[in-house]
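Here's the structure, in structure tokens; my notes come after.
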Amino acid sequence: MGGRNIIVVGCGRVGSQLASMLSENDNNVCVVDRDGLAFSNLENSFNGTRIEGVGYDESVLRRAGVETCDCVAAVTQSDNVNLMTVEVAARLFNVPHVIARLYNPGHERAYEQLGLDYVCGTSLVAEEVFSKISSGHGFHVDSFGDFEVLRFSLNLKGNGLKNIRVSQLESKHDVRIIAFERADGRASSIPTADSILGHGDSVLACVRHTKVGSFSRYMQN
């Protein structure tokens, strides 16, 4: 994972811990915070850069190196700031991987539909974001041996399909569909082999590491 260019927006408890973890793993880390005093939270061993400014400001992100950035993690204490930051990074600068800290779990569905990766919770947030960055792609929930557990909105239209049977999706891509929820928000279900999935359904799946790249075409961006 070392050697990647990563911007961490927010230098509170979570941001400073995350920045230090990433720095210790030989990544090029830039921390952005609107309050210059927040940088005192960083460990003495932190060898990245610090920029005072608003995380969703285009000029600030450019100074932080967003144009050659591999990942932007927005972990401030404001859902709105985090959302605006990752939207600017993803939509305007085409950053391949953005992650937002999310306080309000009621917004999880909206983030999924926007194709934005996020961590929701108040504890172990830095570790979860670090794990997502380490995985090298969005939608990461956890790792288990040779497998990745992923959560994403299903992309069928981009593959010329209206719907797909679970057994068909699993057999073609060496994947196991663990659970799904309809795009309209109806109750989630544990699928059978004959369950039919539709475009935009929220899916929890277990995918072999080596198959994530090819399977990613079924994940909405």
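Quick notes
- The set of residues in region 147-194 being open to solvent by 30 Å² or more (accessible area, probe 1.4 Å) and hydroxyl-bearing (Ser, Thr, Tyr) consists of Ser167, Ser171, Ser188, Ser189, Thr192.
- Residue check for Ser40: on the phi < 0 side of the Ramachandran plot, in a loop (DSSP other than H, G, I, E, B) and of a type in the set (Gly, Ala, Ser): no
- The single condition among (1) touching a residue at least 40 places away in the same chain (Cβ under 8 Å); (2) touching a strand residue (DSSP E or B) at 6+ places or on another chain (Cβ under 6 Å) that Ala90 does not meet is (1).
- If the condition is being touching a residue at least 60 places away in the same chain (Cβ under 8 Å) and outside any strand (DSSP E or B), then region 200-209 contributes Gly200, His209.
- Residue that is modelled with the lowest pLDDT, among those in region 136-167 that are charged (D, E, K, R) and touching a Lys or Arg at 6+ places or on another chain (Cβ under 9 Å): Asp146
Table: residues versus (1) among the β-branched types (Val, Ile, Thr); (2) at pLDDT 95 or above.
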| residue | (1), (2) |
| --- | --- |
| Asp57 | no, yes |
| Val60 | yes, yes |
| Asp70 | no, no |
| Asn80 | no, no |
| Ala90 | no, no |
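- Counted residues, region 168-198 - those being in a loop (DSSP other than H, G, I, E, B) and at pLDDT 90 or above: 6
- Helices (runs of 4 or more DSSP H) completely within region 43-118 that count 2 or more residues being open to solvent by 30 Å² or more (accessible area, probe 1.4 Å), over 22 Å from Ser153 (Cβ atoms) and basic (Lys, Arg): 58-64
The values are calculated or read from the model by the stated rules, or taken from the named source; none is laboratory data. Fair warning: this is a prediction, and the values are worked out from it, not measured in the lab. Neighbour counts run over all protein chains shown; Cβ positions are idealised from the backbone, glycine included. Side chains are part of the model used for accessible areas, which takes the heavy atoms of the whole protein and leaves out ligands, DNA and RNA. Shrake-Rupley method; radii C 1.70, N 1.55, O 1.52, S 1.80 Å.
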